[in-house]
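What follows is a single structure, written as structure tokens, with notes after it.
The values are calculated or read from the model by the stated rules, or taken from the named source; none is laboratory data. Keep in mind that what you see is a predicted model, and the values were worked out from it rather than measured. As a convention, Cβ positions derive from the backbone with ideal geometry for all residues, glycine included, and neighbour counts pool all protein chains shown.
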Amino acid sequence: MIASEKKFDVCVIGELNVDIILNDIGNLPQVGKELMAGYMEVTLGSSSAIFASNLSALGTSVAFIGKIGEDNFARVVIDSLSARNVDTSRIISSAKLNTGATIVLVYDQDRANITYPGAMYDFKIADIDFNFLSRAKHMHFATCFMQPGIKKDLPSLFSRARELGLTTSLDTQWDPDEKWDLPLDQLLPNVDIFLPNMQEFKYLTHSNSLGEGIEKIRDHANLIVVKNGNDGAYGWDGTHIVHQPAFINNNVIDTVGAGDSFDAGFIRDFIGGKPFLKCLETGALAGALNTTMAGGTGAFRDPETINKLSIDRFGRPLV
Ligand SMILES: Nc1ncnc2c1ncn2[C@@H]1O[C@H](COP(=O)(O)OP(=O)(O)O)[C@@H](O)[C@H]1O
Ligand SMILES: [Mg+2]
């Protein structure tokens, strides 16, 4: 298939769930007692979905392949992605499964989360329509450790995507079991951009520093981007490490989804053929913008609103 026949810029494969955010709980819960929350939000959760939603809001055409139940939370997921023009036609729903949910308890500026993975746990490579995937230019996959059915076949998923002519990116996210067992030597040759955060990177490479980790995987890896909160991000282009400082935000509302928004900004420029340094800068701007509003998608509505906010807060447009 030649590039002009490609229907989508990016196909995201990953986990889907809702966040039930309970704010102002005043205290930590105790067994046998009851607390009241000041207010509640039910929103689109999951790293992959926040990435897809925000990338689409930036004007990139995005499709999603994932798995949900046939319940009210499934409707929240589909409605939220559809509202940002993400193609949801290949999201599989099963009446036998529940859509995943995370209960987020916001307490004293921090959060305690409990996740029920639901359908994402059952998602497997056989669920993926590779003919549909081949209609995208780029595949992004996130959150392998919460999707065991896909994780075991991850090297094969990435090599098939490459064979179909797609470029690829991977954001592993956190391993709740803290085993960090990913065959990077098999996987990374078919990953164009590897996008963990600093802590994840050190665990995944069993290293104490960025430099040590890069030395360990440089023979297998292509581009490496390591996100590091308000320190910004580090990029490896095959020969050098570069540092992209964060854009300063003196009024951070929360950092939920900052890494996913960074990924969205970076990938938007990468598929647009922009140089590596420019992709890093756009990623950092998108990550910083994410922190100006509540939740992972609040700052990413449509290109016009995004630009207005970005110019207002950081003196430059994002779109
Ligand atoms: N407090 C902040 N101020 C400005 N930019 C931030 C802030 N926190 C995160 N970012 C930007 O978002 C990116 C991703 O955030 P990070 O927390 O490292 O990722 P993750 O959410 O995956 O842990 C960072 O590399 C940085 O560019
Ligand atoms: Mg992350």
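Would you check which residues across segment 70-91 are under 22 Å from ASP9 (Cβ atoms) and of a type in the set (Val, Ile, Thr) and list them? Hits for segment 70-91 are VAL77, ILE78, VAL86, THR88, ILE91. State whether the residues of segment 115-126 include one that is over 26 Å from LEU166 (Cβ atoms), assigned to a strand (DSSP E or B) and not aromatic (Phe, Trp, Tyr). Within segment 115-126, one or more residues are over 26 Å from LEU166 (Cβ atoms), assigned to a strand (DSSP E or B) and not aromatic (Phe, Trp, Tyr).
Considering segment 77-129, and only residues there that are touching a residue at least 24 places away in the same chain (Cβ under 8 Å) and acidic (Asp, Glu), the residue that is nearest to PHE300 (Cα to Cα) turns out to be ASP87. Can MET40 be described as touching a residue at least 12 places away in the same chain (Cβ under 8 Å) and either closer than 19 Å to PHE132 by Cα or not charged (D, E, K, R) (or both)? Answer is yes for this residue.
Where strands (runs of 3 or more DSSP E) fall wholly inside segment 1-109, the ranges with 1 or more residues that are closer than 21 Å to GLY257 by Cβ and at pLDDT below 95 are 17-23, 39-44, 100-107. When restricted to residues that are of a type in the set (Ser, Thr, Tyr) and either within 19 Å of ILE50 (Cβ to Cβ) or without any contact (Cβ under 8 Å) to a residue 40 or more places away in the chain (or both), segment 130-167 contains 3. Of all residues in segment 252-276, those that are at pLDDT below 95 have Cβ atoms under 6 Å from Cβ atoms of residues that are within 12 Å of ligand 2 (Cβ to nearest atom) and part of a loop (DSSP other than H, G, I, E, B), 6 or more apart or on another chain, in VAL256/GLY296; GLY257/GLY296. If you go through segment 295-304 one residue at a time, do you hit one that is away from ligand 2 (no atom under 16 Å from the Cβ), touching a helix residue (DSSP H, G or I) at 6+ places or on another chain (Cβ under 8 Å), in contact (Cβ under 8 Å) with a residue 24 or more places away in the chain and among the β-branched types (Val, Ile, Thr)? No, because not a single residue in segment 295-304 is away from ligand 2 (no atom under 16 Å from the Cβ), touching a helix residue (DSSP H, G or I) at 6+ places or on another chain (Cβ under 8 Å), in contact (Cβ under 8 Å) with a residue 24 or more places away in the chain and among the β-branched types (Val, Ile, Thr). For the condition in contact with a Lys or Arg (Cβ under 6 Å, 6 or more places away or on another chain), acidic (Asp, Glu) and farther than 22 Å from PHE266 by Cα, ASP110 does not qualify. Among residues of segment 212-230 that are of a type in the set (Lys, Arg), those with a beta-carbon under 6 Å from a residue that is crowded, with 19+ Cβ neighbours inside 10 Å and part of a helix (DSSP H, G or I) at least six positions away or on a different chain give the pairs LYS216/THR205; LYS227/GLY259; LYS227/PHE262.
How many residues does segment 189-204 hold that are buried (at least 20 other Cβ atoms within 10 Å of the Cβ) and within 16 Å of ligand 2 (Cβ to nearest atom)? Selection size over segment 189-204: 8. Consider GLY229 carefully, then state whether it is within 16 Å of ligand 2 (Cβ to nearest atom), surrounded by fewer than 17 Cβ atoms within 10 Å (Cβ to Cβ) and not aromatic (Phe, Trp, Tyr). Yes.
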